[in-house]
DNA sequence: ATGTCC
């Protein structure tokens, strides 16, 4: 049994155990309630992460943490690349650059509610969802290679969106250093027709309302475009689909081959396969993973284009007229090179965030110009039954390399959820509660039942109390489409 | 998460 010490109301520590090979202590952000319902394997996994070469300060887990492949989902680990720090696909996730995008409208609930079924049905029709779904875009392999090197910038150059969309996307929609030559042909095959598709599992698109009582910081909300009581917004969650999955799979295999024999890295859990960041294999994965990041930004950019078209058709006004503007697009499955203060030194760290969101403080490089003095917006998707949040980064986020939670976090396996609920009944019950849901799969819908997730309000309370971020507004769902 | 096992 692992020793977990309470540091504060929202912070818990597994002390460094040299016999286990821990290089740093492990820390979990959670309230007592969240710690009690935390998956036992999270402790084991975060302890294993603490043994990885080059890890700086702490192996961290966010309040929405749960068991994942190698790293827990909710895991944050910063590797010092000048001190043998590694890069690990398990610390990024199979769904590279899975993330959230938030879009405002100038419509209010009373204008949208009467047409929510029509709107949701139309979104369901126009945004391909489900396992193996294919998009409208027909790209050649050469075009796709450009997409994965240019990201959302390619989309805007080809008529899917505007310059402002790019300014309001993490990395401005295109991360530097993506190299399509580092990506397998199989990955390209899988991604080729997946631009502009939602996917399955917990990927969804939701029409939400910002109720007056759920705006916590008027000034910040206003600056982010939440200005009217009961304003309607659109939030969606998706990633790099089969493409990112294949990139992760390819490099996991490569890393497993070289990790022990070539680099003498001994890891207890094969799922933590890794390679030194400064090695040919590490650098190749980094450049390929960046293609996954760009594919995902492009995916969300094309989906936004579909959303604008649907709203425009339903409400018979142009997207500009309807004020369909982006608040932000955040990644929550990445590893990025960032400068952070460690003790009294600035270090170059490869920050793995797996099911964890970057939350940069006011003034930091990387925060969009128009939000520079406010801090980086953070978009947190809850379950379809509960609600979602808009947060902002704060200076005290330095303790977690400026990272916070990414969502509710599951408390129950998909298998168990499927046994407990029926998708059809769930859809009916949700409709009674004013949430119109469409899904490609009844089983998939049951898996996403709100009760299979942690309490989003508790997760956000933990993150805010711990000083990882600040609440701006909470959104309530009225329409949802999922794969 | 994922053409949910090449």
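Every read-out reported here was derived from the displayed coordinates using simple, explicitly stated rules and does not represent laboratory data. Owing to the predicted nature of the structure, the values given are computational and were not obtained by experimental measurement. In this analysis, Cβ positions are derived from the backbone assuming ideal geometry, glycine residues included, and neighbour counts consider all displayed protein chains.
Annotations for the structure displayed:
- Antiparallel content of DSSP bridges confined to region A:346-483, in %, to 5: 70 percent
- Angstrom value of the Kirkwood radius, inverse mean 1/r, which spans all Cα pairs in region A:198-251: 13.7 Å
- Volume per residue that the Cα convex hull of region A:112-174 spans, once the total is divided by residue count, Å³: 133 Å³
- For region A:1-157, dividing the convex hull volume of the Cα atoms by the residue count gives 214 Å³ per residue.
- Rounded tilt (10° steps) of A:141-150 against the dominant C-alpha axis of chain A: 80 degrees
- Helix A:280-315 and the long axis of chain A differ in direction by around 10°, with both axes built from C-alpha atoms.
- Shape analysis of region A:138-243 based on the Cα gyration tensor places the equivalent ellipsoid semi-axes at 33, 16, 11 Å, largest first.
- For chain A, the mean residue ellipticity at 222 nm estimated from helices alone is -9000 deg cm²/dmol, where every DSSP H run of n ≥ 4 contributes -39500 (n - 2.57) and the total is divided by all residues, rounded to the nearest 500.
- Working note: Cα gyration tensor of region A:395-483, eigenvalues times five, square-rooted, sorted largest first, giving semi-axes of 30, 15, 10 Å.
- Percent of Cα-Cα distances greater than 17 Å, calculated over region A:375-428: 55 percent
- Averaging 1/r across all pairs of distinct Cα atoms in region A:73-201 and inverting the result yields a Kirkwood radius of 17.7 Å.
- With the Kirkwood sum run over all distinct C-alpha pairs, chain A has a hydrodynamic radius of 22.2 Å.
- Against chain A, whose longest principal axis is taken from its Cα atoms, helix A:116-126 shows a tilt of about 60°.
- Area projected by the alpha carbon convex hull of region A:332-420, averaged over all directions, nm²: 7.3 nm²
- Chain lengthening between residue A:219 and residue A:13 when straightened (0.36 nm per residue, less Cα-Cα): 70.6 nm
- Scoring A:309-322, A:351-364, A:445-458, A:331-344 by mean Cβ neighbours within 10 Å over their residues and listing the highest first yields A:351-364, A:445-458, A:331-344, A:309-322.
- Per the Kirkwood formula applied to alpha carbons, region A:295-372 shows a radius of gyration over Rh ratio, Rg over Rh, of 1.13.
- Debye log10 I(q)/I(0) for region A:291-442, one point scatterer per Cα, at q = 0.14, 0.17, 0.20 Å⁻¹: -0.95, -1.20, -1.35
- At R0 = 45 Å, FRET efficiency that the Cβ-Cβ distance of residue A:321 and residue A:141 yields, to 0.05: 0.75
- Between residue A:416 and residue A:83, the modelled label-to-label distance comes to 3.8 nm, taking each label 7 Å out from Cα in the direction of the beta carbon.
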